[in-house]
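In what follows, a single structure is set out as C-alpha cells and then discussed.
The values are calculated or read from the model by the stated rules, or taken from the named source; none is laboratory data. Keep in mind it's a predicted model, so treat the numbers as computed, not measured. Neighbour counts run over all protein chains shown; Cβ positions are idealised from the backbone, glycine included. When the accessible area is computed, the model is the full protein with side chains, heavy atoms only, and any ligands, DNA or RNA have been set aside. Shrake-Rupley method; radii C 1.70, N 1.55, O 1.52, S 1.80 Å.
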Amino acid sequence: MSGISISVLVTAPLGIAACHYLDDLLPGADGRNLEIVVADGATNFVDRSRVGLRHLSLPGRGLQGLMAEGIRRCSGEWVVLTEDHCRPLPGLLAAYRDAIRGNPEVDLFSGAVDNLTSASPWGFAVFMIGLRQFWAKATQPPSGASNANLMVRRSAMLASELAVDGGLLNLTAPRLVRSGRYKHCPAAIVDHVLDFSLSEAVRFQFNCTRAVLAVKRETLPPQPVPTQIVGTCRDVVCHIAIVPFRVVREFRGTSQSGPAAAVRLMLLGFAAGIAMIAVDLARLLRRARRPAHFKALTDAK
C-alpha cells in the first residue's frame, strides 16, 4: 500500500540467533516502506544490521522491556509485533495492509496465531492456554491483542504508555479496544512454533505467567490487598479446574479434546497458578517491609 510505512518488530530475549524466520520477513524490506527491527536481549551482541534490518542491542531486557524500547526505536507509521519463535505465514503483511485500507478509523489490529509446525503435545498445550482466542480455528474473535501477532499505529500510543514496560498490552490496547479503534484481522497469521517436553512446558508456563503478571501488577493501579488475594485465588482455581475443561469442550474434535489433553492443560494451569501466587506473595512481602524500612530511615535521622 503506497505511502504506508511498516516496521516489523521481532522480540528476541535470547538473541537474534533464536530468530529462525527472519528470511520470511525480509523480502521487500528496504528500510523505508518496510523495515525489520530485532530487539535483542542477549549479552553476546554482534550487530547484524543490513539493508532493511535494524538490529538493536538491549541486553538484559525482559520481553516487555524489549517491546517498549523496540517500539520507541521503530520508524514506521505502523508496527507489526511478533516473537522470535513465530513464523509469518504467506500474506501476513498484505492482509494487514488490506486491513489498514479498509478500516481507516482503526489503530490496533490483532492477527491470528496457529500451531502448524510444533509436533509436541506439550507445545500445543502451552499454545492453547495462552493463545486459543487467536487460533485460526477459534469460533469467536478475540477481545484484545497478543504480542505474538498484532499491529498498532505508533501515533495512537501515548508517550506515558510508551514510557513503561507493559504499556502496549496493559494500557494502549485496552484503551483502543474500549474506544472502538480495534479490529481482529484473521487473515494475518503467524505460526507459533514451540516444541516442548513436559519439563520445558511447565517451566515455560511458570516463567511466562510470572513475567506477564509482574509487569501487569506494576503497570496498572494497585488493588486493595484483600481484593488482590481474592482475585488471585479465583484465577488460580480457574486455570486449574475450569480452563482445561473449557478448552477441551470448545475444541471438541481436535487434538485438544481428549482426556490426555485435559491433564496436560491442568498441569500447566497448576504451574501458572503457582506463578500467580509467587508474584503476589512477593508484592505483599515488599509492602510489609516498606513501613519498617521507612521507620528505620526516620530513626536514623
Quiz item: Using alpha-carbon pairs under 8 Å, 6+ residues apart, how would you state the relative contact order of segment 1-40 in percent?
Solution: 60
Exercise. Taking amide H positions as placed in the peptide plane 1.01 Å from N, state which residues far from residue 89 in sequence (5 or more) or on other chains have amide H under 5 Å from it.
Key: 189, 190, 191
Exercise. Using Cα pairs closer than 8 Å and at least 6 residues apart in sequence, work out the relative contact order for segment 54-203, in percent.
Key: 42
Practice problem: Quickly work out the residue 282-to-residue 57 label distance, labels modelled 7 Å from Cα along the C-beta direction, and quote it in nm with one decimal. | Solution: 2.8
Practice problem: Enter the accessible area of residue 89 (Å², nearest 10), with the probe set to 1.4 Å and all protein chains included. | Solution: 30
Practice problem: Could you pull out the GluC sites (Glu not before Pro) across segment 63-172 that fall in loop regions by DSSP (anything but H, G, I, E, B) with no more than 11 other Cβ atoms inside 10 Å? | Solution: 105
Exercise. Would you please classify the overall shape of segment 158-301 from the alpha carbon gyration tensor, given that a ≥ b ≥ c denote the square roots of the eigenvalues, rounded means a/c under 1.5, and beyond that prolate means a/b larger than b/c while oblate covers the rest?
Key: oblate
Exercise. Can you bin segment 1-137 into rounded, prolate or oblate? Criterion: square roots of the alpha carbon gyration tensor eigenvalues sorted a ≥ b ≥ c, rounded for a/c under 1.5, prolate for a/b above b/c, oblate for the rest.
Key: oblate
Self-check item: residue 220-residue 199 FRET efficiency (beta carbon distance; Förster radius 45 Å; 0.05 resolution)
Solution: 0.90
Quiz item: Which value, in Å³ per residue, describes the convex hull spanned by the Cα atoms of the chain?
Solution: 156
Quiz prompt | Cα Rg, Dmax (largest Cα-Cα span) when computed across segment 1-77, Å | solution = 11.9, 38
Quiz item: Taking only C-alpha pairs under 8 Å that are 6+ residues apart, what is the relative contact order of segment 65-153 in percent?
Solution: 47
Exercise. Rounded to the nearest Å, what's the spacing between the alpha carbon centres of segment 39-76 and segment 112-152? Just the number, please.
Key: 24
Self-check item: 5 Å binning of all Cα-Cα separations within segment 146-211, expressed as whole percents from 0 upward
Solution: 3, 13, 19, 19, 16, 16, 10, 4, 1
Quiz item: How are the C-alpha pair distances of segment 185-252 spread across 10 Å bins, as whole percents from the shortest bin up?
Solution: 15, 32, 38, 15, 0
Quiz item: Put a dot 7 Å past each Cα toward the Cβ at residue 117 and residue 94; how far apart are the dots in nm?
Solution: 2.0
Practice problem: Enumerate the amide H contacts of residue 150 below 5 Å, restricted to partners 5 or more residues apart or on another chain; note that Pro and chain-start residues carry no placed amide H. | Solution: 81, 111
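On alpha-carbon atoms, Rg over Rh for segment 215-263 using Kirkwood Rh?
Answer for segment 215-263: 1.20.
Compute the Rg/Rh shape ratio of segment 111-178: radius of gyration over Kirkwood radius, all on alpha-carbon atoms.
1.05
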Practice problem: Roll a 1.4 Å probe over the protein heavy atoms and report the accessible area of residue 139 in Å², nearest 10. | Solution: 120
Practice problem: Can you give me the three principal axis dimensions of segment 94-225 from its C-alpha atoms, in Å, biggest first? | Solution: 43, 43, 23
Quiz item: For segment 64-113, what is the largest minus smallest coordinate of the Cα atoms on each principal axis, given in angstrom and ordered from greatest to least?
Solution: 32, 24, 16
Quiz item: Check residue 54: other-chain or 5+ apart residues with amide H under 5 Å from its amide H, H built from backbone geometry?
Solution: 36, 37, 38
Practice problem: Would you tally the net charge around residue 259, using a Cβ to Cβ cut-off of less than 13 Å, leaving residue 259 out, and scoring K and R as +1, D and E as -1? | Solution: +3
